[in-house]
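The values are calculated or read from the model by the stated rules, or taken from the named source; none is laboratory data. Because the structure is predicted, anything quoted here is derived from the model rather than measured. Reconstructed Cβ throughout: ideal geometry from the backbone, glycine too, with neighbour counts over all protein chains shown. With ligands, DNA and RNA removed, areas are computed over all heavy atoms of the protein, side chains included. Shrake-Rupley method; radii C 1.70, N 1.55, O 1.52, S 1.80 Å.
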Amino acid sequence: MTTPVCSSEFTRFEFTSYVRTKGPALLRTARSLTPNPSDAEDLLQTALTKTYLAWERIDDHRALDSYVRRTLVNTRTSLWRKRRVDEFATDELPEPAPVDSVPDGAEHQAQRDAMLRAIARLPARQRAMVVLRYYEDMSEAQTAEALGVSVGTVKSAVSRALSKLREDPELLVG
C-alpha cells in the first residue's frame, strides 16, 4: 500500500513556505532533543517528511508548529526505542589497550623531520622526482611531463632515490 502524497501545487507551495519560515526554530527544537547536530538534522528531516505526508489531513494549519514538534518528539522516542544496543554484559573485562599502541605525536614529527632531511640530501633531480611522485601524488607520466624527461628516466631516478632513502642511517628503524 502506498501513502498518498500531497497532490496539489498549492499544497507543496504552502509546505515549502512553512519550512522556510519555521525551519530554523524547528531545528533548534530538534537540537534540544538530541546532542548530535547531524542527528538533529536527520530527526527534523524525518519529522518534516511525516508532516508533508499528512499535510492534507491536518485540519487546523494554525497548529502546525505543535503538530511538527509533537512529531519530532514522537520520532525521537521511536528512534530511541529502536536503537541497537551494542553493549553486552561479560564475566571478564576486556584488556585495556597497551600504552605503546597510542601514536606519539612527537615521534611522528621526528620521523617526518628525518624524512625531510634525508630527501634534502638527495641530488636535486632525484629530490624533485620524489617530491612530485610521492608528496604531490603525480603519476610517473605526469612527473615526466612536468620535468621534461622520459617516463623511464623518472622510473630509474625514483628507484635510485628510494634505494638511497632506504640506506639512510637516520631513517633506519632499530
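Heavy-atom accessible surface of the chain, averaged per residue, reaches 75 Å², computed with a 1.4 Å probe. Taking only protein heavy atoms and a 1.4 Å probe, the accessible area of segment 134-174 is 51% carbon and sulfur. Can you divide the C-alpha Rg of the chain by 2.2 N^0.38 Å and report the result to two decimal places? Against the empirical 2.2 N^0.38 Å value, I get 1.95 for the chain.
Averaging the Cα positions of each part gives two centres, and for segment 111-130 and segment 131-174 these lie 10 Å apart.
Restriction of the GluC sites (Glu not before Pro) in segment 108-174 to DSSP coil positions whose beta-carbon has at most 16 other beta-carbons within 10 angstrom yields Glu136, Glu170.
Which whole-number percent is the relative contact order of segment 12-171 (Cα, under 8 Å, 6+ apart)? RCO, segment 12-171: 15 percent.
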